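Written below as structure tokens is the structure these notes are about.
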Amino acid sequence: MRAPLTFVVGLVVTLLGIVLMVLAPSPLRTVTIAVGLFFVVFGWFVGWTRHRGFTILLGHLAVTAGCLMTAYALYQLPGMARAPTLLEVLDLPLFWGLFTVCGGICMIQHGTCACCIRRQEQKL
């Protein structure tokens, strides 16, 4: 396993997507499941420091997508009639937007961090 934390995060996102798909079916849930499966496969087989350029590019794309989701979610907040439950919070775009921004920052850090790169070079 190249990136155990990425594998675990991908597994949690996949399981959360499946649970949300069962509780509230929507075609958008397949995106959550697909992203979770991508991180499971990427964490198991590839890892973040093996292809640094791809990691940095993916991190910047994730930060951009997360900012767009967060901005979209902030416009939706005033229209909510009541406070959401915990499961509803995990289904809102604000949660996923902030989660994606943090994940993008993590990807950029792993692509440029000297200690991560040195650790990968020692394994090879």
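Which of the residues that make up segment 79-109 are surrounded by 13 or more Cβ atoms within 10 Å (Cβ to Cβ) and aliphatic (A, V, I, L, M)?
Selection gives Leu90, Leu92, Leu94, Leu98, Val101, Ile105, Met107, Ile108.
Which one is nearest to the chain's Cα centre (by Cα) among residues in segment 19-78 that are surrounded by fewer than 17 Cβ atoms within 10 Å (Cβ to Cβ) and polar (S, T, N, Q)?
Thr64
Has segment 104-124 got at least one residue that is within 24 Å of Met1 (Cβ to Cβ), part of a helix (DSSP H, G or I), under 18 Å from the mean Cα position of the chain (by Cα) and among the charged types (D, E, K, R)? Steps first, please.
Taking segment 104-124 first, the residues within 24 Å of Met1 (Cβ to Cβ) are 104-124.
Subsequent filtering for residues that are part of a helix (DSSP H, G or I) retains 104-112, 114-123.
With the extra rule that they be under 18 Å from the mean Cα position of the chain (by Cα), the set shrinks to 104-111.
When the remaining residues are screened for being among the charged types (D, E, K, R), the result is none.
No, segment 104-124 contains no residue that is within 24 Å of Met1 (Cβ to Cβ), part of a helix (DSSP H, G or I), under 18 Å from the mean Cα position of the chain (by Cα) and among the charged types (D, E, K, R).
Give segment 47-62 a look and list any residue that's in a loop (DSSP other than H, G, I, E, B) and of a type in the set (Ser, Thr, Tyr), or say none.
Thr49
May I ask you to list the residues in segment 43-58 that are out of contact with any Phe, Trp or Tyr (no Cβ under 8 Å at 6 or more places or on another chain) and modelled with pLDDT of 85 or more?
Phe45, Gly53, Phe54, Ile56, Leu57, Leu58
Kindly indicate whether Arg2 is under 17 Å from Trp96 (Cα atoms) and surrounded by 13 or more Cβ atoms within 10 Å (Cβ to Cβ).
No.
The values are calculated or read from the model by the stated rules, or taken from the named source; none is laboratory data. On a predicted model such as this, the values are computed, not experimentally measured, just so you know. Note that we place each Cβ from the backbone using ideal geometry, even for glycine, and neighbour counts take in every protein chain shown.
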